[in-house]
1. Among 70, 112, which comes first, second and so on when ranked by fewest other beta-carbon atoms within 10 Å?
2. So, in nm, how far is label residue 113 from label residue 75 when the simple model puts each one 7 Å beyond its Cα toward the Cβ?
3. How would you rank 6-14, 74-82, highest first, on the average number of other Cβ atoms within 10 Å across their residues?
4. If the chain between residue 91 and residue 58 were fully stretched, how many nm would it gain, using 0.36 nm times the residue separation less the Cα-Cα distance?
5. Could you check the simple spin-label distance between residue 11 and residue 134, using points 7 Å along Cα→Cβ, in nm with one decimal?
């Protein structure tokens, strides 16, 4: 059974993520991360966490370890859940002091200020491909593009 299909008890989830069971319990009771597998329904019942829950819990721990306050972490996760549909670990978060920015493609979005765009990211990874493509295109359009002979005066 792979990690994506497996359910994890609260004790195991806390161990995997590197937090105390008490922290995990508090986060569940305050609706920061509710277990998706099965929620506690009373005394003696067990919470079951999915693999995605573990990823979210680990991200929360990393944000807290980076000095982000718990209330801000709640805001970040509310935003992420509303705006990141795919694999949550594919998102890029930039932490700058008390600011938390989500790198969404070519935009940096200030998560704690209601998703306001703050910077535009210029990805440079495609520059070489664009230049190479344009060179090839010019050579195809003008096949006689050969170096011009230089005249040397002696």
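Coordinate-derived values only; no laboratory data. For clarity, every value in this text was computed on a predicted model and none was experimentally measured. Counting neighbours? That spans all protein chains shown, and the Cβs are built from the backbone with ideal geometry, glycine included.
1. Listing 70, 112 from fewest to most nearby Cβ atoms yields 70, 112.
2. 1.1
3. 6-14, 74-82
4. Residue separation times 0.36 nm, minus the Cα-Cα distance, leaves 10.5 nm.
5. Calculated label separation equals 6.3 nm.
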